[in-house]
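One structure is given here, and the rest of the page talks about it.
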Amino acid sequence: MNKKLIYLFVFLLNGLFAQASNLRGLWVWNTSAIIASTTEVNKLINQCVADGTTDIYLYAYGMLTGSNKNNMQGFISKANCNNINVWAMDGYRGYFADWYGRSGFINFINTVIEYNATSTIDQQFIGVQGDNEPQDGQGEPQGTFHNGIKGSLLNSSGGGVWQATEVLDREYLMRDWVDMTKEAYDTCHSHNLRYGQAMVSWLDDYYGEEIYCTYNSQYKPVVEHMMDYLDDFLSCRIIPIL
């Protein structure tokens, strides 16, 4: 098992801030290598049972057809037998509107829907987990978020690389993130899937300021907009599994 590609998330919070549960979730990025090996599957499931893991988030892009699909069905069935929920995960900076756009992410959700429709109940994902982070420095062709600048210091008269100003660059990026979240949530809910996201920890304290945007004619913190369209979100610390 590749310890560099698996991380432990400690807290899972519901989207309404109503409660915090000591549910234990595990993110897995090297999914194809694990689900293709009975030995690795047994290692992972046995460790999750020993650790009290309740939810596994599998990076699943491109892994829901052919032999990967068969392997995925076997893995999820085994996880369910051990009372562990499995989520299909995907995330990419390119899914934002200032790059390629969200169609790839929505297409991924549709492949999860098709996978579930052609799998037995015990082989199905419980939901989709998004990991779309908007900050610069992830290979995007232009710095639309403007890393390292708090909102009150963004240029409101120029400096834009996507929109007219730095202020509008970030504003429209945040609006797009919220709108992408809503579309993902609606698509999942129309097919009996939950939708959750990993939320970047700095949204409420980016260089001392909370990040705001306007959406549905309401100006409020981005995280508050998001909560309307999430069944669950992860607020967490990351621990490499040794």
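Read-outs throughout are calculated quantities, based only on the coordinates presented, and are distinct from any laboratory measurement. Note that the coordinates shown come from a computational prediction; the quantities given were computed from them, not determined experimentally. Virtual Cβ from ideal backbone geometry, glycine too; neighbours counted across all protein chains shown.
Key figures for this structure:
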| item | result |
| --- | --- |
| For the chain, built as a Gaussian network whose Cα springs stay under 10 Å, the top-fluctuating residue of Thr53, Thr31, Thr118 | Thr118 |
| For segment 130-242, alpha-carbon Rg relative to the globular expectation (2.2 N^0.38 Å, N residues) | 1.13 |
| With Cα atoms, 0 to 90° folded angle of helix 166-189 axis to the chain main axis | 30 |
| Ranked Arg93, Arg170, criterion: other C-beta atoms within 10 Å, fewest first | Arg93, Arg170 |
| Equivalent ellipsoid dimensions for segment 90-134 as semi-axes, Å, which come from the Cα gyration tensor, largest first | 25, 10, 5 |
| For segment 30-50 and segment 64-112, distance of Cα centres in Å | 17 |
| Angle in degrees between helix 103-117 and the longest Cα principal axis of the chain, rounded to the nearest 10 | 20 |
| Value of D in µm² per second that Stokes-Einstein yields for segment 24-135, Kirkwood Rh from Cα pairs, at 4 °C (1.567 mPa s) | 90 |
| Between 0 and 90°, nearest 10: helix 66-81 axis offset from the chain longest Cα axis | 80 |
| Shape of segment 47-97, Cα gyration tensor, a/c cut at 1.5 | oblate |
| Footprinting exposure proxy for Asp186, Asp204, Asp131, Asp169 (fewest neighbouring C-beta atoms within 10 Å first) | Asp186, Asp204, Asp131, Asp169 |
| Built amide H within the under 5 Å cut-off of Thr165, gap 5+ | Gly160 |
| Cβ-based exposure ranking for Leu173, Leu23, in which fewest neighbours within 10 Å come first | Leu23, Leu173 |
